[in-house]
Amino acid sequence: MTLAAAPTTSIAAPVDAVDAARVLGGCRGPGASARLRESGLLDLTLLPAEAGVMPSTAAEVVRTVAVSHLALARSVRRALLVGDHAVGHDLVARLLDIALEAGSAAAALHGAVAAARDDRRSAGARRRLGELSVAVAAAESTLAAAGSAVDAVRTSADDPALLGDEAVVALSTASVLASRAAADTSHALIDLGEPDGPEGADDLDVLGVWALTGRVAG
């Protein structure tokens, strides 16, 4: 998807919102704010599930924009929550907070990879990048699962108390992993260091090489 030259007032389909977020996530510099306004993302609201943007989609939008533009992602988060009084509103708000943290972790990982590539880091640093890649991937996967759990609270006819508990557990899991990933990747921007131990070193080295070069070593 490419953003239209003329400003739009809304994006009707959630998949369009995700595509627009990915475009914006790769746009750096002063043009990003204008492109965000033109995309219509700031006009999105979370309505009752059958009529609006699903929480899982909203989290994907926020996470993707946060990778390159954290301040803009916060604006999108606020816009998504305006007027949302459907069941599970508090769960959606927490989900979007976790999405911001997961996006920040991914951004820090990108920065650490760039620094390691420039400095021709050691095999130990490559394994550390592999370890961080796993942490970010785990955070993103559990965020997606939490989004689906929150979707179920708002759409399913099953026991609402049980669905609510399941969503809280999914959100708590995602929150722990996103917080740890954000802390570890932020630290890696300063000092990659060495991994904690040798276990899984071969796989971690493969993942580190992939992060640095986009290829898997033979």
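Ranked by accessible surface with a 1.4 Å probe, highest first, in what order do 166, 38 come?
Details: 166 95, 38 60 Å².
My answer, sorted largest first, is 166, 38.
Compute the length gained on full extension between residue 156 and residue 22: take 0.36 nm times their separation in residues and subtract their Cα-Cα distance, giving the result in nm to one decimal.
Contour length minus the Cα-Cα distance gives 45.3 nm.
Once you have the Cα-Cα distance between residue 43 and residue 74, take 0.36 nm times their residue separation minus that, and quote the gain in nm to one decimal.
Roughly 9.8 nm would be gained on extension.
Kindly report, to the nearest 10 Å², the accessible surface of residue 68 as traced by a 1.4 Å probe over protein heavy atoms only.
Around 30 Å² of this residue is reachable by solvent.
How much accessible area does residue 113 have with a 1.4 Å probe, in Å² rounded to the nearest 10?
10
With a 1.4 Å probe and all protein chains kept in place, how much accessible area does residue 98 have, in Å² rounded to the nearest 10?
Taking all protein chains as shown, residue 98 has close to 10 Å².
Largest first, what is the accessible-area ranking of 142, 185 with a 1.4 Å probe? Intermediate values should be presented prior to the final figure.
Values: 142 30, 185 0 Å².
Per-residue accessible area, sorted high to low, gives 142, 185.
Which value in nm describes the separation of the simple spin-label points at residue 186 and residue 123, placed 7 Å from the Cα toward the beta carbon?
If labels sit at residue 186 and residue 123, their model points lie 3.3 nm apart.
The values are calculated or read from the model by the stated rules, or taken from the named source; none is laboratory data. From a predicted model like this one, the values you see are computed outputs, not experimental measurements. Here the Cβ is made from the backbone with ideal geometry for all residues, glycine too, and neighbour counts use every protein chain on show. The protein model used for the area step is the full one, side chains on, heavy atoms only, and it has no ligands, DNA or RNA in it. Shrake-Rupley method; radii C 1.70, N 1.55, O 1.52, S 1.80 Å.
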